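J.: The structure follows.
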Amino acid sequence: MVDRCAVPGCKSTYYKGNQKENEVTLFAIPKTSLSKWQELIPCSNLTSTSRICSRHFEESDFKTGIEILNVFHPYKRRTLNAGAIP
Ligand SMILES: [Zn+2]
């Protein structure tokens, strides 16, 4: 199964199991951000099931892990910070 990025003109596709090779992660759209993102990305027909790839975000928009007692534990997948804007 191939998921596609919802941003018009973006050629990114994400093949499951191939993440390390292309370094693109597709993010589901947070419910709280959907209407804002729809304004930011016109013509994309974004819905709550759309995906947007990591290329449209800054590195600082990602959480890559969590620090517990001064030890950094990386997540298996990057997650998007709440309020991040493509
Ligand atoms: Zn994209």
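J.: Any chance you could run the full-extension gain for Val71 through Gln38? It's 0.36 nm times the residue separation minus the Cα-Cα distance, nm to one decimal.
T.: Additional length available on full extension: 8.1 nm.
J.: Can you give the net charge of the other residues whose Cβ lies under 12 Å from the Cβ of Phe27, counting K and R as +1 and D and E as -1?
T.: Numbers: positive: Arg51, Arg55, Lys63, Arg77, Arg78; negative: Asp3, Asp61.
Residues close to Phe27 contribute a combined charge of +3.
J.: What order do you get for 69-76, 57-64, 45-52 when each peptide is scored by the mean count of other beta carbon atoms within 10 Å, highest first? Show your work: numbers first, answer last.
T.: Details: 69-76: 7.9, 57-64: 13.4, 45-52: 15.2.
Ranking the peptides 69-76, 57-64, 45-52 by packing returns 45-52, 57-64, 69-76.
Read the figures in this text as sums done on the coordinates, not as results from a lab. Note that the structure is predicted; figures quoted are calculated from it, not measured. All Cβ positions, even for glycine, are placed from backbone atoms using ideal geometry, and neighbour counts span all protein chains on display.
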